[in-house]
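K.L.:
Structure in C-alpha cells, see below.
The values are calculated or read from the model by the stated rules, or taken from the named source; none is laboratory data. All values reported here derive from a predicted model rather than from experimental measurement. Glycine gets a Cβ as well: all are built from the backbone with ideal geometry, and neighbour counts include every protein chain shown.
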Amino acid sequence: MKRYLLRRILLIIPMLFGISLLTFGVLHLSPGKPTDVVTDLNTKMTLEAKQKLMTLYGLDKPWHIQYFNWFWRMLKLDFGNSFKDDRAVLSKIGERLPATLLLNFLSLSLIFMLSLYIGAMAATKKNSFFDKFTTLFVYVGYAVPTFWIALLLMILLGLKCGLLPISGLRSLNYDELTGSEKALDILKHLILPVSVMALTGLAALTRYCRSSLLEVLHQDYIRTARAKGLPENKVLWKHAFRNALIPIITILGLMLPELIGGSFIFETIFAYPGMGRLGYEAILSRDYPLLMGIGTVAAFLTLLGNLIADLLYAFADPRIRYR
Amino acid sequence: MLRLYIKRLLKNKSGVFGLGLIVFLLLMALAAPLLVPQDPLQQNLKERLQAPSLLHWLGTDDLGRDLLSRLIYGSRVSLLVGFIAVTLSTLLGSFVGLCAGYLGKWVDSACMRAVDILLCFPTFFLILMVIAFLEPNIANVMIIIGLTSWTGLARLVRAETLSIKERDFVLAARALGLSTKRILFFHILPSVSAPIIVSATLGVGNAILIESSLSFLGLGVQPPMPSWGNILTSGKDYIHFAWWLSLFPGLALLFTVLAFNLLGEGLRDVLDPRDQS
C-alpha cells in the first residue's frame, strides 16, 4: 500500500510536467505579447521602454529557457508574480482556492448522495412512474445548457421571488452579522452555484448508478440474501450497493476535470470569488504567470482527485489490494 | 445488414424522435433564407424589446431584430460547429486509437500518456485560453473544440482494437502480407465503426453545448452573427422585462442537444446490442 501510494505520488510529477508544458505552449504559441495590453494603449511608449518591460518579465529569452526557469521555480513552489498587480501568484490563488474547493466539494457531495439515492430508487422500482421520471430528468440534465439554467434560476429565485442572493459569497452587511447568521448567509449564497454546478454530474451519475444497481440486483448473491430473509433495505444498501459502487467511483473520478472546468463558467456567471473567476480574468488580461499557476493547480487537484478515487476502490471492494 | 439496422432503429421510439428532430433542424438551417420572416441582422429600434406577438412570433431583441429569424440563423452556427468539430475529433480520436491499439509498444505508451494528460486537464479552461489568445471566431471555435474532445474516443477505439487485432481475420490479413495501413483502415476500422458512430453522434450535442457556453461568455461566435449562446448573453441584460430573449434560445439548445443524444443512444442500442445499459 505504501509503495503503491509513493509510486502514484511520484507519477504526478511527469504528469504535471506534461500539463504545464501544454499550458506554456498555448500561451507562447499564441500571437501577441502579454505586454501589448499595457503598451498598445499607451502612445508615449517607446520601443526601448517596451524592450525593458519584456526583459523585466523575462519574455526576451527563448521559450524553452523561460519554461525551464518556470518549472524549476515551480518545484520550489514559486509561481512568480502576477503581471497585473505584481503580487505573488501563489498567494493570489491561495486567497481564492478555498472558495473554489468549497464549491466543488459541495457539488460533488450533492452529486454523490442524491444520485445514489435517486438511482437506487429508480433501479428498485424499474419501469415505475418514478423510474420514468428519473430517465426524463437524466436526458434533460445531460442536454440542458447549464449556464442557461443558471440564468433562469437567477431570474426566478433571485430576482422575481427574492429568495436567494444571485452573486458573490457574502452579503454587503456580512461584517455586521453574528456567527450563525454569517454561516447562514454564506450557505444562502452557495445554494444556486452548487445546485447548478451539480446538475450535469447528477444526471450522469444517476444514470450509471441505476444501471449499475440493476446489473447487481440480478446476481445470485442478491437472491441468496433475499432467500435467507433479509429485509429489502438491507439487501439494497448493504449487499447490492457496495458492489455497484465501483463503477460509480470511477465515473466520479472522471467527472472532476469537468467539474473544475465548470468552475470557470459558473464562478463567472455568479460573480463567485473563486479560482475559476480569477482564471477567467487572468485570461482576459493575459496574465501569464497567474494562468500557468492556475492551470497547474487545477491539474494537480484533478490528479489528486483521481488518486483518491483509486484509493476508494479498496474501501468499496476489499478484493482490491494495492501493491 | 444496413436494412436490418434501419429497421431496428425505426423500432426505437426515442431514436426516431431524435432523428426526426435533427432532420427538421437540418432542413431549417439549410432553408434559413427562405424561412425567416425578417433579415436576422436588420435593426428596427422602433420595435425594440417587443413581446411575442403575431408579427414577431418570438418577440424582438434590444435592437428590434426579430428573434425567430435570429434563432433560425443561429441553428446554422450550432449545427456547423457541431458537425465540423466532431468530424475533426472523430478523425483524430479514431486514428490515435487505432494506431495505439494496433501498433502497441512505444506508440501506444506515447499516445496514451498524451490522452492521460489531456483528460486530467480542465478542458474548458484550455479552450477558453486558446480562444481568448487567438481570435474568437467560429472557425477557431470549431477547431479548438475538435482538438480537445477526441481523448475519450481514442481510449474506446484503442480498447476495441486491442481485442480485434487478435481475431483470426486480422491474423489472416497479416499472413497474406497486407500492409499495416491496409489492415488498419480496411480490416480493423470497419469492425470498430459502431462505437465510433455512436460517440460521434453524442459528440455533436456536446460540441454544441461548448460553443454556446463560449459564445455566452463572449469568447465564441461574435455578434452580429447570431448564435444561440450570444443571443442569451444579450438577453441577460434585459432579463427583468424581456424573458423571451432568455427562454427561447435555451429551449432551442436543449432540444437540439437532446435530439443528438437520443439518436446516439438509439444507434448504440441498434449497432451494439451487447451494451443495453
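K.L.:
If a residue must be touching a Phe, Trp or Tyr at 6+ places or on another chain (Cβ under 7 Å) and either more than 10 Å from every other protein chain (Cβ to nearest Cβ) or without any contact (Cβ under 8 Å) to a residue 24 or more places away in the chain (or both), how many such residues does the range A:285-322 contain?
P.N.:
Here the count works out to 8.
K.L.:
Inspect the range A:117-134 for any residue being of a type in the set (A, V, I, L, M) and closer than 29 Å to residue B:250 by Cα and give the result as yes or no.
P.N.:
Checking the range A:117-134: at least one residue is of a type in the set (A, V, I, L, M) and closer than 29 Å to residue B:250 by Cα.
K.L.:
Name the residues in the range A:231-269 that are among the acidic types (Asp, Glu) and under 30 Å from residue A:294 (Cβ atoms), would you?
P.N.:
Those that are among the acidic types (Asp, Glu) and under 30 Å from residue A:294 (Cβ atoms): A:258, A:267.
K.L.:
Return the only residue of A:267, A:281, A:232 being at pLDDT 80 or above, within 12 Å of chain B (Cβ to nearest Cβ) and surrounded by fewer than 17 Cβ atoms within 10 Å (Cβ to Cβ).
P.N.:
Residue meeting the stated conditions: A:281.
K.L.:
Ok, one more. Just the residues that are within 15 Å of the chain's Cα centre (by Cα) and over 16 Å from residue A:262 (Cα atoms), please, taken from the range B:183-207.
P.N.:
Correct list: B:196, B:197, B:198, B:199, B:200, B:201, B:202, B:203, B:204, B:205.
K.L.:
Could you list, in sequence order, all residues of the range A:277-323 that are farther than 30 Å from residue A:7 by Cα and assigned to a helix (DSSP H, G or I)?
P.N.:
Within the range A:277-323, A:277, A:278, A:279, A:280, A:281, A:282, A:283, A:284, A:288 qualify.
K.L.:
Still on this structure, please answer the following. Would you point out which residue out of B:170, B:221, B:192 is of a type outside the set (S, T, N, Q), at pLDDT below 90 and touching a His at 6+ places or on another chain (Cβ under 7 Å)?
P.N.:
None of the others qualify; the one that does is B:170.
K.L.:
Anything in the range A:67-96 that is touching a Leu at 6+ places or on another chain (Cβ under 9 Å), part of a helix (DSSP H, G or I) and in contact (Cβ under 8 Å) with a residue 40 or more places away in the chain? List them, or say none.
P.N.:
A:67, A:71, A:74, A:89, A:90, A:92, A:93, A:96
K.L.:
Can you pull out the residues in the range B:73-125 that are of a type in the set (A, V, I, L, M, F, W, C), within 14 Å of chain A (Cβ to nearest Cβ) and more than 12 Å from the chain's Cα centre (by Cα)?
P.N.:
B:110, B:111, B:112, B:114, B:115, B:117, B:118, B:119, B:120, B:121, B:124, B:125
K.L.:
For residue B:264, only one of the following conditions fails: (1) assigned to a helix (DSSP H, G or I); (2) within 11 Å of another protein chain (Cβ to nearest Cβ); (3) within 25 Å of residue A:153 (Cβ to Cβ). What is its number?
P.N.:
Among (1) assigned to a helix (DSSP H, G or I); (2) within 11 Å of another protein chain (Cβ to nearest Cβ); (3) within 25 Å of residue A:153 (Cβ to Cβ), the lone unmet condition for residue B:264 is (3).
K.L.:
Specify which of the listed residues (B:254, B:271) is within 11 Å of another protein chain (Cβ to nearest Cβ) and either surrounded by 22 or more Cβ atoms within 10 Å (Cβ to Cβ) or at negative phi (or both).
P.N.:
After applying the criteria, what remains is B:254.
K.L.:
Sticking with this structure for a sec: If you take the residues in the range A:248-262 that are more than 8 Å from chain B (Cβ to nearest Cβ) and not aliphatic (A, V, I, L, M), which one is farthest from residue A:189 (Cα to Cα)?
P.N.:
Per the criteria, the residue is A:250.
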